[in-house]
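Colleague: Please see the structure below; I have some questions.
Since every read-out is calculated from the coordinates, none of them should be taken as a lab result. Just so it is clear, the model here is predicted, and its values are computed rather than measured. So basically every Cβ, Gly included, is an ideal-geometry build from the backbone, and we count neighbours across all protein chains shown.
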Ligand SMILES: Cc1ncc(COP(=O)(O)O)c(C=O)c1O
């Protein structure tokens with residue numbers, strides 16, 4: 001009897017697990033972008049554990065390495081291109097070895113403080129000079145007369161900038177806008193603490209209130225790669241320029257950006273998203289001080305280990321650019337430009353073989369950094385489903401391609417954002433699978 005109850009329990013547990021898998025498949029539509037990533041991982045663990053893995057569909061581009069690849073059946077693998085995880089840069093940095101390796105002893109970096117004379121007192125001097133040098137080498141931003149504020153990714157700096165720019169004594173939170181399609185994290189980051197200081201007010205092109213506002217100008221833009229300027233253009237407006245992609249592998253550099261608040265990040269410039277280092281170039285001392293205060297209250301500074309690692313990487317890039325003609329070794333921006341150009345050629349070829357999809361076109365311009373003439377090579381493909389397909393994200397999901405649908409960017413569901421920054425394996429699968437889709 002006891003054994004029977006025990007076995008029955010087992011049957012119930014197995015049945016429950018199977019039903020969970022089923023429920024998950026049905027309820028996928030309900031998920032938010034923010035929890036998709038972890039829920040995919042959990043679901044993998046629940047439904048496709050261990051050896052069973054081999055007999056089921058497999059998700060590529062999920063966690064730490066390409067080691068899972070041998071288990072993959074290529075025609076049934078789920079390709080996850082929802083996130084802009086910059087793993088395509090891994091191979092370049094693997095070759096660098098000692099040149100970009102940082103060794104730290106346990107006694108180093110103990111203090112909270114880096115440079116108490118600086119407004120941003122937790123900014124490492126080495127990182128400050130590496131940032132300034134790289135902008136000079138590339139010619140993509142003015143650093144003279146700017147304060148540098150370091151953040152745990154540019155995401156933290158975005159929030160610090162909102163805190164610094166929002167009036168603290170106003171009766172209403174200030175409106176925050178950006179022209180659609182806008183980066184999907186802006187509405188989430190603006191409103192997730194339900195701050196009394198600022199509130200997300202949507203598409204800048206539709207903003208018609210006679211009220212103060214902060215406008216996010218992302219150029220090149222995430223998700224569609226377009227070059228942008230502010231659109232509201234009214235007296236009471238304050239601008240934040242998010243220049244995460246203003247680097248020569250994504251866009252021709254035309255002149256040094258010269259705005260009041262400019263945000264940059266290693267996540268997209270060098271591909272070191274996991275180091276979580278971003279920086280703001282800020283003209284106004286008081287704004288820089290308030291941003292620093294936000295980070296002080298939020299995380300009491302920014303990891304020194306990460307700053308030192310980022311400084312080493314930025315310096316290595318500047319060194320290689322300075323000696324580009326003397327050494328045979330390819331510079332980081334040469335490597336990343338060629339890879340992006342190749343990927344865009346391949347995805348355009350794949351899309352041209354079918355009537356079902358289209359991609360935006362870009363004007364060619366000459367890059368002042370490389371001297372090359374080219375059109376934008378965005379980190380994301382803003383793919384449109386042509387014809388009757390109204391939910392492009394759902395349509396591609398049926399073909400096991402995970403992307404982020406237009407609604408997350410304040411745009412039509414006929415569009416999806418597809419990461420171009422994945423490892424080679426996932427990208428190749430994408431370009432094989434897209435032209436093979438018939439319905
Ligand atoms: C436009 C834009 N800004 C900011 C970020 C966030 O960068 P970080 O990883 O430095 O927080 C991203 C990341 O995808 C982005 O696309």
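Colleague: Relative contact order, percent, of the stretch 361-439 when contacts are C-alpha pairs under 8 Å separated by at least 6 residues? Kindly include the intermediate steps, with their values, before the conclusion.
Modeller: Details: 92 pairs, mean separation 19.9, N = 79.
For the stretch 361-439, the relative contact order is 25 percent.
Colleague: Quote the FRET efficiency, to the nearest 0.05, computed for residue 144 versus residue 412 with a Förster distance R0 of 35 Å and r equal to the Cβ-Cβ distance.
Modeller: Once the sixth-power term is evaluated, E becomes 0.25.
Colleague: Here is a follow-up. Would you order 335, 250 from fewest to most other beta-carbon atoms within 10 Å of each residue's own beta-carbon? Each step should come with its number before you reach the end.
Modeller: Values: 335 18, 250 22.
Fewest to most other Cβ atoms nearby, the residues stand as 335, 250.
Colleague: Something else now. Say a paramagnetic label sat at a point 7 Å from the Cα of residue 312, along Cα to Cβ; which residues of the stretch 124-143 have their backbone N under 18 Å from it?
Modeller: Correct set: 124-131.
Colleague: Quick check: pseudo-label points 7 Å beyond the Cα along Cα→Cβ at residue 355 and residue 102, how many nm apart are they?
Modeller: 5.4 nm
Colleague: Moving on. Subtracting the Cα-Cα distance from 0.36 nm times the residue separation, let me have the gained length for residue 296 to residue 210 in nm, one decimal.
Modeller: On the way: separation 86, 0.36 × 86 = 30.96 nm, distance 3.36 nm.
Here the answer is 27.6 nm.
Colleague: Sticking with this one: Among rounded, prolate and oblate, which fits the stretch 109-322 when a ≥ b ≥ c are the square roots of the eigenvalues of its C-alpha gyration tensor, a/c under 1.5 means rounded, and a/b larger than b/c means prolate?
Modeller: On the way: a/c = 1.91, a/b = 1.30, b/c = 1.46.
In terms of gyration-tensor shape, oblate.
Colleague: Which FRET efficiency value, to the nearest 0.05, do you get for residue 399 and residue 373 by plugging their Cβ-Cβ distance into 1/(1 + (r/R0)^6) with R0 = 45 Å? Don't jump to the answer; show the numbers that get you there.
Modeller: On the way: r = 36 Å, r/R0 = 0.79.
FRET efficiency, residue 399 to residue 373: 0.80.
Colleague: Explain nothing, just the number: relative contact order of the stretch 109-322, from Cα pairs under 8 Å at least 6 residues apart, as a whole percent.
Modeller: Relative contact order here is 30 percent.
Colleague: Another question about this same structure. From the square roots a ≥ b ≥ c of the eigenvalues of the alpha-carbon gyration tensor of the stretch 306-435, which class results: rounded (a/c under 1.5), prolate (a/b over b/c), or oblate?
Modeller: Since a/c reaches 1.5 and a/b is larger than b/c, the shape of the stretch 306-435 is classed as prolate.
Colleague: Now for a separate question. Quick one: length gained pulling residue 197 to residue 75 fully straight, 0.36 nm per residue minus the C-alpha distance? Show your work: numbers first, answer last.
Modeller: Details: separation 122, 0.36 × 122 = 43.92 nm, distance 4.94 nm.
Gain on stretching residue 197 to residue 75: 39.0 nm.
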